[in-house]
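Dumping the structure here so I can ask a few things about it.
The values are calculated or read from the model by the stated rules, or taken from the named source; none is laboratory data. Predicted, not measured: the structure shown is a model, and the values here were computed from it. Every residue, glycine as well, gets a Cβ built from its backbone with ideal geometry; the counts of neighbours run over all protein chains shown.
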């Protein structure tokens, strides 16, 4: 995965009023979740604020990143865990990060990239991409920027499911039955198929005609 650096500062005032004031200053309230747990076994969050100008590069992109967080001089390696947007304005309200390390695998959605021109598309069908990301589990260093899926041999009416795929070092976390992509029949493809069938029938009739006359 690509890497990017985001800086932040710890915050102690966690109320709604304080969060609103931060947003007015161009900052976004954030939490970082790691290995730390409280006495009830629930994750303990490190609360901080980060500039919207830096978060924009991480949030509004199709890419996935390993994020080097620097919070008051302390370095943390993390990935995005959850985003919260305003229901009306779509403004970014809050970000949760998940701290990662070399030993513990993580589960994350990886963008799908279709490779090749499918046979079904060459025959006039339409490619339908059902999901844009597939969840995989692996140590973060082994996770690629995208998953390349070869669709060259895919024909009209056929599909590729998660269970048909395998990538070295990655465990698929999305259910095997989920359809990744498929080739749909189009009117042009159907018409072309009908024309081919009619032409074949005409050739058969022409081949039988001399035999009829010979009788």
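Testing residue 63 on (1) assigned to a loop (DSSP other than H, G, I, E, B); (2) surrounded by 14 or more Cβ atoms within 10 Å (Cβ to Cβ); (3) in contact with a strand residue (DSSP E or B) (Cβ under 9 Å, 6 or more places away or on another chain), one condition comes back false. Which one is that?
(2)
Please go through segment 104-146 and give me each residue that is within 19 Å of residue 66 (Cβ to Cβ) and in a loop (DSSP other than H, G, I, E, B), ordered by number.
Scanning segment 104-146 gives 104, 105, 139, 143, 144, 145, 146.
Related question: Give 163, 169 a once-over and let me know the one that is in a loop (DSSP other than H, G, I, E, B) and at pLDDT 90 or above.
From the options 163, 169, the qualifying one is 169.
Among the residues of segment 1-20, what is the count of those that are assigned to a loop (DSSP other than H, G, I, E, B) and touching a residue at least 40 places away in the same chain (Cβ under 8 Å)?
Adding up the residues that qualify gives 1.
Pairs only if they're at least six apart or on different chains, beta carbon under 7 angstrom, first in segment 160-182 and touching a residue at least 60 places away in the same chain (Cβ under 8 Å), second buried (at least 17 other Cβ atoms within 10 Å of the Cβ) and assigned to a loop (DSSP other than H, G, I, E, B); list them, first residue then second.
181/151
Is it the case that residue 41 is more than 20 Å from the chain's Cα centre (by Cα), in the same structural domain as residue 159 (by TED's automatic domain parsing) and outside any strand (DSSP E or B)? Spell out how you get there, then give the answer.
Values: more than 20 Å from the chain's Cα centre (by Cα): yes; in the same structural domain as residue 159 (by TED's automatic domain parsing): no; outside any strand (DSSP E or B): yes.
No: the conditions fail for residue 41.
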